[in-house]
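A.B. asks: Please find one structure pasted underneath; my questions will follow.
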Amino acid sequence: MRHIIPGLFLALLTCTQAVGQVTLGEMNQNLRYSRYSRISLKIIPLRTGERAFRLQLIADKIEENLDFENYLFSYAVVSGFQEEISDDMIVALDAESLKKDSNRHFVFEEDVTVPASQNAAYAVFIAKDTRQGDEYIYHVDLISPFVSEHPEFGAYFGNDVPFDQPYLNVGESLLFKGIGSINLHHFYYPQEFPVPLPPMETKPAPVQMELEVDYKGEFLMNVPQPFNDKGYYFVQADTASSTGLLVKTVHKSFPRVSTWEEMVQMVTYISTRREHETLLQAENKKLALDEYWIRMTKNEEKAKDLIREYFRQVEFANILFTDFKEGWATDRGMVYIIMGPPQEVFFQADREVWNYLSSNSNSKISFTFARIKNNLTPHYYTLNRSRAYQPEWFRNITAWRNGIVAF
């Protein structure tokens, strides 16, 4: 059910500009990365025709006992990040628009067609919390230079809710549904990836020249398909095409840390090279880590608090930024762990910009993540590194090591 409500857009956006001046590029999407969000949005587009899409608009209920009436949901389709969005472009989604209301999700489905004259299209999903005025925003490319083509099939959990996570725990199954095909193909990649270089390291990171891949064969649509190996899978209807769906598989405890060996890898961001090498070489990783944290903080209770806070950041990074790499090991995950959630997040078609605002001045530090076209995922970003980051980066690492971070 589609409801065009004049004036709704003015209520949905916090900016003080006139409605006609609001663009997707001007929307601050920082709440999608907040540690205190009450809801999380996702759009999964399924191709239903040459320029037609079924938008699966999913709201993950982070808040317990979430009441639908506390939120205003809507969406729009725009031609670019600089297009002025007017009221009549916003489609409101009410309770009658719900496709599914589960314990964890609200799910809407809307069919849209992009005009032949339009070179690019982006879907925008908005949820406003009417109690505090918080706006949650999520967008996705429908047609753009960074997306070759969306698949005609989607993945679903056992309760028929679309698979809206960036990862799947090993041994779990997904159900695939769609049009056109009876069978799907899946390829398995067992790769492990290196930890990213620091933001001020400007020399290129080593590139793996060959990827190991194992064709796992065909499986039937509409029948639960298990994923039993840790790594990532690429699922396709047509192996001659680059179009497919990425399923990142992770250990059963993910997004939490599961082993002492993992912890050793993850503390590299706040460790000196010598400290990290000592941890890597230690036979008893638990003992070595205990000594590492206590030596750094010089206080056992403070060490416990710091460990809890650091690995909470790791968990959030895993939830937010996992693609074919685990979230903590991506560029965005690294910056998120050390710097915390950004106060401002702005997107353009080819980049994502995070701004951290200083508490005692009008200055800010910005991290720009360049978007790279990747057949496995449309959300692959790498940090534009600069030596100018060094003072701020070391300042935040020192705060971590002294146990005085607070996000």
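A.B. asks: Take every Cα pair under 8 Å in segment 156-301 that's 6+ residues apart, average their separations, divide by the length, and report that relative contact order as a whole percent. Walk me through the intermediate numbers first.
C.D. replies: On the way: 186 pairs, mean separation 36.7, N = 146.
After rounding, I find 25 percent.
A.B. asks: Mind checking the dipole of segment 321-407: about its Cα centre, +1 per Lys or Arg Cβ, -1 per Asp or Glu Cβ, Debye to the nearest 20?
C.D. replies: Values: 10 positive and 7 negative charges, 44 e Å.
So the magnitude is around 220 debye.
A.B. asks: Let me ask another. Points 7 angstrom from Cα along the Cβ direction at Glu50 and Thr272: gap in nanometres?
C.D. replies: 6.5
A.B. asks: Right, next: Give the ranking of Thr259, Thr278 by solvent-accessible surface, highest area first, calculated with a 1.4 Å probe. Before the final figure, lay out the partial values.
C.D. replies: Details: Thr259 55, Thr278 85 Å².
The most accessible residue leads, giving Thr278, Thr259.
A.B. asks: Taking the Cα-to-Cβ direction at Ala388 and at Asp238 and moving 7 Å from each Cα, how far apart do the two end points lie in nm?
C.D. replies: Taking the two extended label points, one gets 4.5 nm.
A.B. asks: Here is a further query. Under the Kirkwood approximation applied to all pairs of distinct alpha-carbon atoms, what is the hydrodynamic radius of segment 266-407 in Å?
C.D. replies: Numbers: mean 1/r = 0.0607 Å⁻¹.
Result for segment 266-407 stands at 16.5 Å.
A.B. asks: Could you tell me which of Ala76, Gly49, Phe346 has its Cα farthest along the dipole of the chain towards the positive end, charges placed at Cβ (Lys, Arg +1; Asp, Glu -1), taken about the Cα centre?
C.D. replies: Selected residue: Phe346.
A.B. asks: Compute the normalised compactness of segment 233-308: alpha-carbon radius of gyration over 2.2 N^0.38 Å, N being the residue count. Please report the intermediate quantities before stating the final value.
C.D. replies: Values: Rg = 18.5 Å, N = 76, 2.2 N^0.38 = 11.4 Å.
Rounded to two decimals, the normalised Rg is 1.62.
A.B. asks: Then there is this: With 28 Å as the limit, write out which pairs from Lys42/Lys252; Lys61/Lys216; Lys285/Lys364; Lys128/Lys302; Lys230/Lys364 have Cα-Cα distances beyond it, or answer none.
C.D. replies: Values: Lys42/Lys252 23 Å; Lys61/Lys216 34 Å; Lys285/Lys364 38 Å; Lys128/Lys302 38 Å; Lys230/Lys364 39 Å.
In this structure, Lys61/Lys216; Lys285/Lys364; Lys128/Lys302; Lys230/Lys364 exceed 28 Å between Cα atoms.
A.B. asks: Using 0.36 nm per residue, how much length does the chain from Thr23 to Lys99 gain when fully extended, once their Cα-Cα distance is taken away?
C.D. replies: Full extension of this stretch gives 24.5 nm more.
A.B. asks: Moving on to the next point. When the label point is put 7 Å from the Cα of Lys230 along its Cα-to-beta-carbon vector, which residues of segment 153-179 have a backbone N closer than 16 Å?
C.D. replies: 167-172
A.B. asks: Assuming R0 = 51 Å, what is the FRET efficiency of Glu218 and Arg295, from their Cβ-Cβ distance, to the nearest 0.05?
C.D. replies: Values: r = 54 Å, r/R0 = 1.06.
Calculated value: 0.40.
A.B. asks: Still on this structure, I have one more. As I understand it, the dipole of the chain uses +1 on the Cβ of Lys and Arg and -1 on the Cβ of Asp and Glu, about the Cα centre. Which of Asn119, Gly403, Ile137 lies farthest toward its positive end?
C.D. replies: Result: Gly403, furthest along the dipole toward the positive end.
A.B. asks: On to the next question. Among Pro204, Pro151, Pro341, which one moves the most in a GNM of the chain with springs linking Cα atoms closer than 10 Å?
C.D. replies: In the Gaussian network model the winner is Pro204.
A.B. asks: Which of rounded, prolate or oblate describes segment 36-180 when judged by the alpha-carbon gyration tensor and an a/c cut-off of 1.5?
C.D. replies: Working: a/c = 1.86, a/b = 1.09, b/c = 1.70.
Because a/c hits 1.5 or more and a/b fails to exceed b/c, segment 36-180 counts as oblate.
A.B. asks: Residue by residue through segment 79-89, which ³J(HN,Hα) values in whole Hz follow from phi under the Karplus form 6.51 cos²θ - 1.76 cosθ + 1.60 (θ = phi - 60°), with glycine and proline marked x?
C.D. replies: 8, x, 7, 9, 5, 6, 9, 9, 4, 6, 8
A.B. asks: Counting only Cα atoms, I'd like the Rg/Rh figure for the chain, Kirkwood definition for Rh. It would help to have the intermediate numbers written out before the result.
C.D. replies: On the way: Rg = 22.0 Å, Rh = 22.8 Å.
Expressed as Rg/Rh, it is 0.96.
A.B. asks: Okay, next question. Given the rule -39500 (n - 2.57) for each run of at least 4 DSSP H residues, summed and divided by the residues of the chain, what is its mean residue ellipticity at 222 nm, to the nearest 500 deg cm²/dmol? Each step should come with its number before you reach the end.
C.D. replies: Values: 7 runs with 77 residues, N = 407.
When only DSSP H runs of four or more count, the value is -5500 deg cm²/dmol.
A.B. asks: In terms of modelled amide H atoms, which long-range or inter-chain residues lie less than 5 Å from the amide H of Lys99?
C.D. replies: When sequence neighbours closer than 5 places are left aside, the close amide H contacts are Val107, Phe108, Glu109.
A.B. asks: Also: From the residues Tyr215, Leu66, Ser258, which one has its Cα farthest along the dipole of the chain in the positive direction, the dipole being from +1 and -1 charges on Cβ of Lys/Arg and Asp/Glu about the Cα centre?
C.D. replies: Going by the charge dipole, the pick is Ser258.
A.B. asks: If you place +1 on the Cβ of every Lys and Arg and -1 on the Cβ of every Asp and Glu, how big does the dipole about the Cα centre of the chain come out, in debye to the nearest 20?
C.D. replies: Its charge dipole is roughly 1140 debye.
A.B. asks: Run the accessible area of the chain with a 1.4 Å probe and give the carbon-and-sulfur part as a rounded percent. Intermediate results must be reported in sequence, preceding the final value.
C.D. replies: Values: 9530 of 19560 Å².
Whole-percent figure for carbon plus sulfur exposure: 49.
A.B. asks: Next question, about the same structure. Return the long-range amide H neighbours of Lys248 (sequence gap of 5 or more, or a different chain), with a cut-off of under 5 Å between placed amide H atoms.
C.D. replies: Distant-sequence amide H within range of Lys248: Leu168, Tyr233.
A.B. asks: Rounded, prolate or oblate for segment 279-363? Axes are the square roots of the Cα gyration tensor eigenvalues, ordered a ≥ b ≥ c, and the cut-off for rounded is a/c under 1.5. Working shown, then result.
C.D. replies: Values: a/c = 3.22, a/b = 1.61, b/c = 2.00.
Oblate shape, in that a/c is at least 1.5 and b/c is the bigger or equal ratio.
A.B. asks: Next up: Give or take rounding to whole Å, what are the principal axis extents of the alpha carbon atoms in segment 114-244, in descending order?
C.D. replies: 47, 47, 38
The values are calculated or read from the model by the stated rules, or taken from the named source; none is laboratory data. Note that the structure is predicted; figures quoted are calculated from it, not measured. Quick reminder, even Gly has a Cβ in these numbers, built from the backbone with ideal geometry, and neighbours come from all protein chains shown. These area figures cover heavy atoms from the full protein model, side chains too; ligands, DNA and RNA do not enter into them. Shrake-Rupley method; radii C 1.70, N 1.55, O 1.52, S 1.80 Å.
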